Amino acid sequence: MYTASNYVLAQSLDQALELNRKRSSAIIGGGCWLRLGRKRIGTLIDLSALGLDKIQENGEEISLGAMVTLRQMETSKELEAAFGPFFADMVRHIVGVQFRNCATLGGSVAARFGFSDILTGLMALDCQVELAQKGRMPLEEYARLAPDRDILTAVVVKKDGRKAVYQSARNISTDLPVLTCALSHKGDLWRLVFGARPGKAEAVETGDPGSLERLAGEFSFGGNMRGSEEYRRHLAGVLTRRALEQLRREEE
Ligand SMILES: Cc1cc2nc3c(=O)[nH]c(=O)nc-3n(C[C@H](O)[C@H](O)[C@H](O)COP(=O)(O)OP(=O)(O)OC[C@H]3O[C@@H](n4cnc5c(N)ncnc54)[C@H](O)[C@@H]3O)c2cc1C
């Protein structure tokens, strides 16, 4: 468990940014991950009074505030109307409902976990992150950056008619995934993403759905306590086939 000398319920983003400039400070989202560490935090900055807990449609975009919980993503009517069961499928294996009522989108994306179901899923969509200091940038670019003192305020998803499906494999339900996979299709473009490789999510695009299985085999995979490199490579082919079948069924 971490310890914190001060706790501040931020009254503005500027205040949160200012406090977070210090290396000893930390932002708290749901605190589910933070509580597992033994960090000695100077000032713990709570963003929950800043109205960042909303999912809002703005014309061609849906904006998800950083304090939106995984459960909100799972049950949102707006996300379901735009993307079908995709968001629910992305998060439903993460621990349990009580946990998903706590863990936030901001904490999940900012932590840039290799095993992240959320990074994998979002990378299949046309997504940008909004940062208090740097403004907007593509999610893929953000995922590659090393963590810094900026604050993630929202993830903005384009409603561009893209269809997407989500698959993952776990050794046992509620465990971290052995491999995560998302596939999206828009016009002539297919986008395939793998996460928990065990490295961070990566994406490839192709105009030929017949090449997806071959492309899946070209990702770099590694081994860890949840599965060997060989097993992950095998699963990649299986999940790609399942994702393609599911996408075709949903597009009929
Ligand atoms: C037991 C357990 C099992 C899990 N299983 C899975 C799983 O199967 N799949 C999966 O995808 N994820 C899994 N996770 C991760 C989980 O889904 C969340 O991603 C994680 O808990 C972080 O979200 P949080 O809101 O709790 O963030 P916190 O713990 O509050 O914060 C995490 C980190 O992000 C920083 N941070 C938080 N919010 C912001 C912000 N707005 N801007 C900048 N930095 C910020 C914090 O300072 C901290 O460093 C698991 C976590 C746990 C504890």
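The values are calculated or read from the model by the stated rules, or taken from the named source; none is laboratory data. None of these values were measured; they are calculated from a predicted model. Positions of Cβ are generated from backbone atoms using ideal geometry, with glycine treated the same way; all protein chains shown enter the neighbour counts. Each accessible area value is taken on the protein alone, full model and side chains, heavy atoms only, with ligands, DNA and RNA left out. Shrake-Rupley method; radii C 1.70, N 1.55, O 1.52, S 1.80 Å.
A compact table of results
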| read-out | value |
| --- | --- |
| Per residue value of the accessible surface for the chain (all protein chains in place, 1.4 Å probe), Å² | 48 |
| Principal-axis tilt of helix 229-251 within the chain, Cα atoms, nearest 10 degrees | 80 |
| Within straight-line cross-link reach of Lys54, lysines at Cα separation under 19 Å, skipping those fewer than 8 residues along the same chain | Lys77, Lys158, Lys159 |
| Most fluctuating residue given options Met137, Met67, Met225, as computed from a GNM of the chain linking Cα atoms under 10 Å | Met225 |
| Between the range 27-77 and the range 87-138, the alpha-carbon center distance in angstrom | 9 |
| Rounded accessible area of Glu60 (nearest 10 Å², 1.4 Å probe) | 130 |
| Per-residue ³J(HN,Hα) for the range 76-93, Karplus 6.51 cos²θ - 1.76 cosθ + 1.60, θ = phi - 60°, Hz, x for Gly and Pro | 5, 5, 5, 5, 5, 5, 7, 10, x, x, 3, 5, 5, 5, 5, 10, 5, 8 |
| Summed side-chain charge close to Ala111 - residues other than Ala111 whose Cβ falls under 15 Å, Lys, Arg +1, Asp, Glu -1 | +3 |
| Cα→Cβ-extended label distance, 7 Å offset, between Glu250 and Val238, nm | 2.1 |
| Protein accessible area in the chain, 1.4 Å probe - carbon and sulfur % | 48 |
| Whichever aspartates and glutamates have a C-alpha closer than 12 Å to that of Lys22, once near sequence neighbours (fewer than 8 apart) are set aside | Asp148, Asp150 |
| Square roots of 5 times each gyration tensor eigenvalue, C-alpha, the range 55-158, largest first, Å | 20, 16, 12 |
| Note, ³J(HN,Hα) from phi for the range 193-207, Karplus 6.51, -1.76, 1.60, rounded to Hz, x at Gly and Pro | 10, 10, x, 6, 6, x, x, 4, 4, 9, 10, 10, 10, 8, x |
| Structure-based [θ]222 nm, the chain - -39500 (n - 2.57) summed over DSSP H runs of at least 4, per residue, nearest 500 | -8500 deg cm²/dmol |
